[in-house]
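Every read-out reported here was derived from the displayed coordinates using simple, explicitly stated rules and does not represent laboratory data. These numbers come from a predicted model, not from an experiment. Note: ideal-geometry Cβ built from the backbone for every residue, glycine included; neighbour counts use all protein chains shown.
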Amino acid sequence: MPRIIPACAPPASFPPTDQALSEPNGLLAVGGDLSSERLLEAYRRGIFPWYNEGDPLLWWTPNPRAVLFPRELRISRSLRKRIRSGVFKVRLNCAFEQVIKACAAPRGNDAGTWIDSDMASAYTQLHRLGAAHSFESWYGGELVGGLYGIGLGRVFFGESMFTRQTDASKVALAYLCASGYELIDCQLPTAHLTRLGARLIARVEFEALLARLVDLEPDG
């Protein structure tokens with residue numbers, strides 16, 4: 001019989017992460033809300049919300065965890081040339097709401113999105129509180145790529161990225177990797193992130209890194 005995952009009460013009542021389901025990988029809790037307090041407590045413990053529009057609020061802590069150590073970012077010769085050319089101007093936190101809206105837009109044949117209006121509002125509020133950030137690539141005064149996520153200490157918890165021109169999001173990622181964070185949480189592996197240097201580590205190792213890094217002053 002499948003184990004019942006408890007609904008969340010206040011942030012401190014998230015169950016221990018070793019209670020997360022192995023199938024689906026990392027489902028820890030159902031319910032609660034997207035208040036700033038709850039979200040920040042969750043991220044400090046390596047827990048993040050992820051659900052489809054219309055579904056219950058689901059909280060995850062997968063094992064293993066996809067991460068990118070900034071020093072391991074793989075920059076191809078063409079990307080390095082693109083960065084040096086300065087064709088994209090990278091800005092921080094100039095258009096957070098535009099970035100999250102672009103990340104939520106349908107892509108290709110996929111008409112759905114997990115970034116619904118509640119999710120967008122919650123992270124926009126975190127941005128106003130100084131906890132959520134966007135790294136943006138601009139070309140000719142137009143936003144053409146970028147990413148957003150949560151910054152706690154020396155950990156950046158990446159949420160989503162988008163691109164409208166070749167390499168625009170990769171350039172933003174390169175600037176993120178040079179901004180003083182020691183660990184970038186990618187949550188789940190993708191072929192795109194793996195090509196850029198992301199790799200899997202055990203959840204216990206990930207949580208140990210969080211314990212050491214989230215309370216340190218940003219290095220940069």
Ordering of 18-28, 124-134 by packing [mean C-beta count within 10 Å, highest first]: 124-134, 18-28
FRET efficiency, 1/(1 + (r/R0)^6) with R0 35 Å, evaluated for Arg74 and Asn25 via beta carbons: 0.90
GNM flexibility winner over the chain from Val155, Val99, Val87 (Cα, springs under 10 Å): Val87
Burial ordering of Lys170, Lys81, fewest other beta-carbon atoms within 10 Å first: Lys81, Lys170
Gain upon complete extension [Ser117, Ser13; 0.36 nm per residue less C-alpha separation]: 34.9 nm
Taking the range 121-161 and dividing mean pair separation by its residue count, relative contact order in percent (alpha carbons under 8 Å, at least six apart): 28 percent
Global form of the range 142-187, assessed from the alpha-carbon gyration tensor, a/c cut-off 1.5: prolate
Unit charges at the beta carbon, dipole of the chain: most positive-side option, Ser134, Pro15, Pro56: Ser134
Cα-only Debye scattering, the chain: base-10 log of I(q)/I(0) at q = 0.16 Å⁻¹: -1.15
Among Gly146, Gly46, Gly180, residue whose mean-square fluctuation peaks in a GNM of the chain (springs only between Cα atoms under 10 Å): Gly180
Normalised contact order of the chain, rounded percent, pairs of Cα under 8 Å and 6 or more residues apart: 23 percent
